[in-house]
Amino acid sequence: MASNMKYIPEPKTAAIVGCPFSGGQPRAGVDTGPIHLVEAGLADQLKGLGWKVEFGGHHQFEEIHVDQDPPAGIVKRPRLVSQVTKEVAQTVGAHIKAGRLPVTLGGDHSLAVGTVSGTLDVFPDACLIWIDAHADINTIASTGSGNLHGMPVSFLLGLNTPEEIRNLKNPNISSENGDDSAPFEWVVPRLSSDRLVYIGLRDVDDGEKKILKDNNILAFSMHHVDKWGIAGVMERALNHVCPNRDRPIHLSFDVDALDPTVAPSTGTPVRGGLTFREGHYICEEVYETGCLVALDIMEVNPSLEDVISVNQTVAVGCSLTRCAMGETLL
Ligand SMILES: [Mn+2]
């Protein structure tokens, strides 16, 4: 059967980008998420759907010692997260350029600064579908926690001023190899606010609500899922960012969008989330468009909760991936 993937040439190939990284948030363990997903057999599962799968091992990120990466204001680990996401952007961009579909396994959601930048480097007109309990759109000025996994979208949209970004650089930390750049100065903010849509929101800071309104960003909270059903929400979401079903789609799926009864092993669970089927329906609908060019499965944290909950969460991460890549119920 011919592939319906509009941007992935035959033989359709996926590249698993394992990112064991937890530097964008305070809790240990989320860095083992990708290891569990791969050990659960994700590569073979995708092969079973007719994909060729490349996986060359998990990313080994260079460490930056905490002493060399003090907070900038309250923003934590700016150098580390910037460097890691820059590497991820290059990796994801190279896969897309080569005609492969990168499946990035996190790791915390700060990684999406890298994955989405990689996608937009190759497809500047791509749209972004962000599935999450949180908006992850705090700016340097608005963040209350300083955790960068709550801020990736602000960098992608260019909501931080050049001066604010410049101030992330610590004047007391010497530059390396003559590189005088500030953390995240490498990010080209190519995402436009009308090519972004959120689904699943239910824990949004006041500052973030204002940012969403001020930038006219379409966001479907759980209230909208209750009101219109997931099919109604997906149709509205796709009509907004991909009206003719011909624009490249980057799907960034934070498993905390799912209800904690469905995906308990995640860093910041919030009750009242997507059901098992609602989560999978989103992925099935994205696959149906044929426009998927990159997929993120983020915030699986196997160190939290008991072994049954961990296995359940890892299994859901795998099945969401399969549904986004062509698995159907019939
Ligand atoms: Mn997130």
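The values are calculated or read from the model by the stated rules, or taken from the named source; none is laboratory data. Just so it is clear, the model here is predicted, and its values are computed rather than measured. As a convention, Cβ positions derive from the backbone with ideal geometry for all residues, glycine included, and neighbour counts pool all protein chains shown. In case anyone asks, the SASA skips ligands and DNA or RNA and just uses the protein heavy atoms, side chains included. Shrake-Rupley method; radii C 1.70, N 1.55, O 1.52, S 1.80 Å.
Looking at the stretch 90-111, which of its residues are part of a helix (DSSP H, G or I) and away from the ligand (no atom under 13 Å from the Cβ)?
Keep residues of the stretch 90-111 that are part of a helix (DSSP H, G or I), which gives 90-97, 109-111.
Gln90, Thr91, Val92, Gly93, Ala94, His95, Ile96, Lys97, listed by residue number.
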(message) Quick test for you: out of His280, His224, His240, pick the one residue that is away from the ligand (no atom under 16 Å from the Cβ), open to solvent by 10 Å² or more (accessible area, probe 1.4 Å) and in contact (Cβ under 8 Å) with a residue 40 or more places away in the chain.
(response) His240
(message) So, Val293, is that one within 16 Å of the ligand (Cβ to nearest atom) and among the hydrophobic types (A, V, I, L, M, F, W, C) or not?
(response) no
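If the requirement is being more than 18 Å from the chain's Cα centre (by Cα), polar (S, T, N, Q) and within 28 Å of Pro269 (Cα to Cα), which of these qualifies: Gln60, Gln68, Gln25, Gln83? Full working, then the answer.
Details: Gln68 fails: within 28 Å of Pro269 (Cα to Cα); Gln25 fails: more than 18 Å from the chain's Cα centre (by Cα); Gln83 fails: more than 18 Å from the chain's Cα centre (by Cα).
Matching residue, one of Gln60, Gln68, Gln25, Gln83: Gln60.
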(message) Restricting to the stretch 53-65, name every residue that is more than 20 Å from Ser3 (Cα to Cα), surrounded by 17 or more Cβ atoms within 10 Å (Cβ to Cβ) and in contact (Cβ under 8 Å) with a residue 24 or more places away in the chain.
(response) His58, His59, Phe61
(request) Those residues that are at pLDDT 95 or above and open to solvent by 30 Å² or more (accessible area, probe 1.4 Å), I need them from the stretch 23-52; list them, please. (result) Ile35, His36, Val38, Glu39, Ala40, Asp44, Gln45, Lys47, Gly48, Leu49, Gly50, Lys52
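Evaluate the stretch 205-226: report whether one residue or more is among the charged types (D, E, K, R), in contact with a Phe, Trp or Tyr (Cβ under 9 Å, 6 or more places away or on another chain) and under 20 Å from Asp108 (Cβ atoms).
Filtering the stretch 205-226 for residues among the charged types (D, E, K, R) gives 205-206, 208-210, 213-214, 226.
If we keep only those that are in contact with a Phe, Trp or Tyr (Cβ under 9 Å, 6 or more places away or on another chain) as well, we get none.
Checked the stretch 205-226: no residue is among the charged types (D, E, K, R), in contact with a Phe, Trp or Tyr (Cβ under 9 Å, 6 or more places away or on another chain) and under 20 Å from Asp108 (Cβ atoms).
For the stretch 90-97, indicate whether the set of residues that are of a type in the set (Gly, Ala, Ser), free of Cβ contacts under 8 Å to residues at least 40 places away in the same chain and on the phi < 0 side of the Ramachandran plot is non-empty.
yes
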(message) Given the options Leu157, Leu148, Leu111, name the one that is of a type in the set (A, V, I, L, M), in contact with a Ser or Thr (Cβ under 8 Å, 6 or more places away or on another chain) and open to solvent by 10 Å² or more (accessible area, probe 1.4 Å).
(response) Leu157
